[in-house]
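Read the figures in this text as sums done on the coordinates, not as results from a lab. Worth saying up front: this structure is predicted, and the values here are computed from it rather than measured. Glycine gets a Cβ as well: all are built from the backbone with ideal geometry, and neighbour counts include every protein chain shown.
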Amino acid sequence: MCLAIPVKVMQLLANQMARVNIGGIEKNISVALLAEVAVGDYVILHVGYALSRLNEGEAIKTLTLFEQMLQAENSPHEIPQ
């Protein structure tokens, strides 16, 4: 299974790289596949590469769904009787 996630660009670096925030963790990724990217943009990240830009509303909606799934997975499940 492949997973691509929205991340926020925090800083543009040399050599077509950027520092992004992934749930509070910062990581350097390649933005070489994008024609344009700016600090504050959300991009779709897959295996270290930004694949496309994403508007902030869609990014936040997707990140909220991921958070809800994580919370549901970590909450106790009631077994119907």
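For the reader, a short list of remarks on this structure follows.
- Enumeration of residues in segment 49-81 that are part of a helix (DSSP H, G or I) and more than 14 Å from the chain's Cα centre (by Cα): Gln68, Met69, Leu70, Gln71, Ala72, Glu73, Asn74
- Residues in segment 19-48 that are more than 13 Å from the chain's Cα centre (by Cα) and surrounded by 14 or more Cβ atoms within 10 Å (Cβ to Cβ): Ser30, Val31, Leu34, Val37.
- Leading residue by the ranking (surrounded by the most Cβ atoms within 10 Å (Cβ to Cβ)) among those in segment 49-62 that are farther than 18 Å from Gln11 by Cα and out of contact with any Pro (no Cβ under 7 Å at 6 or more places or on another chain): Ile60
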